[in-house]
1. Answer yes or no: is there a residue in the range B:435-444 that is farther than 30 Å from A:T65 by Cα, assigned by TED's automatic domain parsing to the domain that holds B:V382 and of a type outside the set (K, R).
2. Residues that are modelled with pLDDT of 75 or more, at least 1 per element: which helices (runs of 4 or more DSSP H) completely within the range B:1-86 meet that?
3. Can you name the residue in the range A:100-117 that is among the polar types (S, T, N, Q) and in contact with an Asp or Glu (Cβ under 7 Å, 6 or more places away or on another chain) and is also nearest to the other protein chains (Cβ to nearest Cβ) among such residues?
4. Could you go through the range B:432-448 and let me know if any residue there is more than 14 Å from chain A (Cβ to nearest Cβ) and free of Cβ contacts under 8 Å to residues at least 12 places away in the same chain.
5. Of (1) touching a residue at least 60 places away in the same chain (Cβ under 8 Å); (2) assigned to a helix (DSSP H, G or I); (3) in the same structural domain as B:T468 (by TED's automatic domain parsing), B:G272 satisfies all except one. Which?
6. Looking at (1) over 18 Å from B:G280 (Cα atoms); (2) out of contact with any strand residue (DSSP E or B) (no Cβ under 8 Å at 6 or more places or on another chain); (3) modelled with pLDDT under 85, find the lone condition where B:G366 falls short.
7. For the range A:118-134, enumerate the residues that are more than 20 Å from B:L404 (Cβ to Cβ) and either assigned to a helix (DSSP H, G or I) or more than 8 Å from chain B (Cβ to nearest Cβ) (or both).
Amino acid sequence: MSSNPDESGVGVNAGEVLLDAHNVTMQFGGLRAVNDVSLRVHTGEIVGLIGPNGAGKTTFFNCLTGLYKPTAGSVEFLGEPLPPKPRLVVRAGMARTFQNIRLFHNMTAIENVMVGMYSRTQTNAIDAIFRLPRHRREELASTKRAKELLDFVGLTGSGDSLSRNLPYGDQRRLEIARALATDPKLLLLDEPTAGMNPQETRQAEELIFKIRDLGLAILVIEHDMRFIFNLCDRVACLVRGEVLVEGTGKVVQNDPRVIEAYIGAPATEPDWQQPGDRPGEGVADA
Amino acid sequence: MRAIIPDALKLQLRYPARAVGILGALAMAAAVFMPWAYGPGALDNMTLWASPSPLQLFFGVLALLVLALLAIPLVGKPKLGRWAHILAWNTSAKTSAISALAMAGVAAIAIAIELGGVVNLDPGAWVALVGGVLAVTATLFLPDSPPPSLERVKSAKWLQITGIALGMAAVLFGAAYGLGLSDAGAFLTFAAFLVGLVLILRQFGVFDWLSIAAANNRQVLVLSAFTVAFAFPFTQDGSDATMSVAAQVLIFAATALGLNIVVGLVGLLDLGYIAFLGAGAFTAAVLSESAFATIDFHPPFVITVLISGAVASLLGLVIGAPTLRVSGDYLAIVTLAFGEIFRITMNNLDGNDGPNLTHGSNGIPGIPDLSLLGFDFGQPHVILGIDIGRFANYYWLMLLVMGLIIVVFTNLNHSRIGRGWVAIREDELAAEAMGVNTFALKLLAFSGGAFLAGVAGAVKAHYDVSVTPDQYVFLESAFLLAAVVLGGMGTVAGVLIGATILKLLPEKLRFFSDYRLLLFGLLMVVMMRFRPEGIVADERRQLEFHDDSEELADEVEEELIAHHAHLNPDREVFEL
């Protein structure tokens, strides 16, 4: 962690800029879900995104991964504008998991991971129909890599189970393995510990550090504050579509505005307790 | 049944029940040698004493099974050794008794209908029915046995291969015999026997054992399946009736396999698929040597097949490109409309409303038989002293086409492309977010499936001799879809079985043709209630229904519930 965080909270160990979201705004009709949000992620960094329910975190995520096209603002990945389609974003090197697990339930664990490799393989229909060398080569390589990834996330031996039959925590890890299979530079995790018990949460934490050690940058949405402040080099707090605070865990944790956003302002006497302001009271006076 | 008769009572009555059951089985066995029908017109002449007809002998097999399953356990557990546990004796006896009774019932009803009244039932039928009722009632009072574990018995490789060969031989014999029965009642009675036998064997655990043997000897299985299919015409001794049905089944099944890519793998509901078969057939027709062909270009059939496939495939692209952006119900409606548009267009390309391409509703008749490498498909040939007629020739050609389609289907299924397809079926958005080019893959499935249908259509044009628009109505699309769903979406074997059932039943049960749709509707409803995954389950889905996984799934479920129950109150959601 940085010993001397500047205002943006960029740690001293941060490398080049990977993702640069610039004044992103997302408007659904009259609702502005994300308003003028800027966020940078550097290589080798774990960045957290927190905020109360409905703050626009997942919407912002969807803007970053090409699921939504921002109404205004720009997103650059590795200095290039973000491609317009999710699958092209994956190709560019950004992979994500989902808040509600979205595995391919009737496929085995290893098949799930191999689907993740789709954008990194070239076998076409002709290769597959005639079992040409490219098909066989890629199939062998994919299977091997998928097994490695399953081992990496701690799912050794579960490769042939249907993903729907895996325990809950394993399903979350399988989703991460599937995202890793796309060979990303930046991994976006949408509430990776939702529904986990404290022990599983700790395991998830270890796994995310392990992924960072591979040289990946990680952007993570979470509600579990202990988890996020342990994990992240930098945290941004999103409230009502706007970035309220951005900085190291400590800065964000102690910011009064963040506390207010989550648990409300300290109890002061509401205005209506003053005479004359209470509903109905004025009428009685008249 | 378990709920109706308490276990304590079962335990008390197990010896008398067994005795009554054996009595019933003996009665059924005796009925084999008695006349069942008053006149020879019903089924296969069951009017003689001590001279059983084939169907009576088949019934005897079931009766002997009941007898053996009830009598053998009497020697005692020590003598049976481990076999006391491997076979589910009591449950199998129950299944056998029910099967025998069902077969006797079907036979009795058929006799009564065909000869005009219950009065035409002779003593044999009554003895069989009473024996069946006795056996069923008695076996209901026997304690249930644990599930069979035949598949855990270690068996040598030669035994497994012999098992596969025997299974295939049984399929060949069953198909040859069943198709040879011209009498509807006899066919139904035989079908009841087959279904009963399958259920009993399943109860023995034979199918579990066979599927393991098949998985261990995949090449033997494929080779023997094709040998059996190839040998089938030799069992018919030049009978055109059966071979024409068999060839139609293959054409139908080949088309259904193409649809299986679209529906079973990618999960796109296509209700206009018959149009692609029609496109292939019309293309082959207008390019044929028929006097009514409208295009003066007659390439050899090998080229025609490719052009037919390409035309159908192009049509698939034209339809797919704009419509594959919608999904689910919308896609179903659009494809349904497309199927109708195709038929009406073919009706109108008659020279009055547009260019004369298809002669309108008259279609293109007089399409000559195929001639490949000097082999005329219209001429009967004699091979090994057995007449091989026109239909058998087409049957073999379709077998070849079918083989190619199966290779294409399985190779694609077990590749990057197939995984992408199934991923789209499971969760299209997640697939797209994992880098799968969903639109291109859906388009590939649509046009690829159309290509296969086009190829089948090209053969169908020559087989049918004439091609008219009214052969390609919506109902045919619905039947294709029913074959895929009935057999098992995403599987090869299942779709073959489904297509066979749907094409065979109407041919064999012509008296039932008015109620055909009612029958199929009922069949589908029953299937959806009792076996929604189809007759043969997809290996991916099969895992779901495997016992171990089921237990695991239950555990997971409980774990999840426990999770949510204990997590929400005590989890520290926020801490500052």
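1. No, because not a single residue in the range B:435-444 is farther than 30 Å from A:T65 by Cα, assigned by TED's automatic domain parsing to the domain that holds B:V382 and of a type outside the set (K, R).
2. On the way: elements: B:7-12, B:14-31, B:54-71, B:77-80, B:83-86.
Correct list: B:7-12, B:14-31, B:54-71, B:83-86.
3. We begin by selecting, within the range A:100-117, every residue among the polar types (S, T, N, Q); these are A:100, A:106, A:108, A:112.
After this cut, where a residue has to be in contact with an Asp or Glu (Cβ under 7 Å, 6 or more places away or on another chain) as well, the list is A:106, A:108.
Working: A:N106: 5, A:T108: 7 Å.
Checked the range A:100-117; the qualifying residue nearest to the other protein chains (Cβ to nearest Cβ) is A:N106.
4. Kept after step one, since they are more than 14 Å from chain A (Cβ to nearest Cβ), are these residues of the range B:432-448: none.
No: zero hits.
5. (2)
6. It fails just one condition, (1).
7. If the condition is that a residue be more than 20 Å from B:L404 (Cβ to Cβ) and either assigned to a helix (DSSP H, G or I) or more than 8 Å from chain B (Cβ to nearest Cβ) (or both), then A:Y118, A:S119, A:R120, A:Q122, A:P133, A:R134 are the ones that fit.
Yes or no, residue by residue, for (1) within 19 Å of B:A275 (Cβ to Cβ); (2) in the same structural domain as B:S466 (by TED's automatic domain parsing); (3) of a type in the set (A, V, I, L, M):
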{"site": "B:S308", "(1), (2), (3)": "yes, yes, no"}
{"site": "B:L317", "(1), (2), (3)": "yes, yes, yes"}
{"site": "B:V334", "(1), (2), (3)": "yes, yes, yes"}
{"site": "B:T358", "(1), (2), (3)": "yes, yes, no"}
{"site": "B:S371", "(1), (2), (3)": "no, yes, no"}
{"site": "B:L384", "(1), (2), (3)": "no, yes, yes"}
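The values are calculated or read from the model by the stated rules, or taken from the named source; none is laboratory data. Note that this is a predicted model, so its numbers are computed, not measured. Note that each Cβ is placed from the backbone with ideal geometry, even for glycine, and that neighbours are counted across all protein chains shown.
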